[in-house]
């Protein structure tokens with residue numbers, strides 16, 4: 001048996017024993033109990049016992065019991081009550097006449113249902129308010145995320161523009177610097193079209209250079225264009241590869257150039273380039289003009 005049930009059974013046994021002794025024994029029992037939970041249980045059982053008399057239906061007396069009762073009343077010198085007197089005996093109290101404790105149950109039902117309904121409506125209202133707040137927060141998060149994404153894209157574009165501006169500024173400074181040399185590259189046979197052309201700008205230190213090319217056809221599949229710097233001995237040194245797009249200017253630059261360069265050639269090589277020229281030349285230039 002559960003410990004709580006054992007404690008309740010012990011309280012009931014003590015309460016019944018107290019009721020059998022005297023009328024005030026249950027009250028003394030309440031004073032003797034030190035535990036608040038035990039006093040509460042004992043008080044509830046006392047109230048329940050007090051309500052039993054109001055809830056029980058009256059039982060008619062057996063004829064022999066009634067005769068003994070009448071005889072007992074006669075022996076005390078009191079006359080038996082008449083029918084009219086018996087009719088005036090107050091019946092068992094109705095629910096309206098019961099003491100406050102007896103009406104507690106009915107009153108509880110009167111306010112419990114409205115209270116429960118009020119709590120339900122309050123919870124529904126709170127849930128609706130929380131939903132609205134969460135929806136607003138979600139919209140705010142989505143808006144901020146969109147703004148952050150736009151800011152990130154703007155920052156990336158700004159960084160790209162700054163890089164382009166720096167590159168353009170550097171090339172412009174090279175092209176307009178004092179002592180710059182300009183070499184024109186012209187078509188050399190096929191597959192270069194006649195309208196293709198290039199211009200190489202070399203700084204006065206003969207290291208910084210900038211090459212722009214227009215009109216080259218896109219590379220055939222598996223091929224790349226390669227830049228060659230040729231010295232006085234005719235030895236070519238690679239300046240890198242590129243793959244142009246139709247109608248788009250090619251722009252190349254570097255801060256180093258092989259010493260003694262006297263000519264520039266563009267050849268068509270296998271994709272990725274070759275260690276030395278192996279394909280046909282498409283552009284060539286060996287006449288440089290110094291700009292004071």
Among the residues of the range 169-182, is any surrounded by 16 or more Cβ atoms within 10 Å (Cβ to Cβ) and under 13 Å from residue 283 (Cα atoms)?
-> no
Given the conditions (1) out of contact with any strand residue (DSSP E or B) (no Cβ under 8 Å at 6 or more places or on another chain); (2) farther than 29 Å from residue 276 by Cα; (3) at pLDDT 80 or above, every one holds for residue 163 apart from (3)
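The values are calculated or read from the model by the stated rules, or taken from the named source; none is laboratory data. This structure is a prediction, so every number in the text was calculated from the model and none was measured. As a convention, Cβ positions derive from the backbone with ideal geometry for all residues, glycine included, and neighbour counts pool all protein chains shown.
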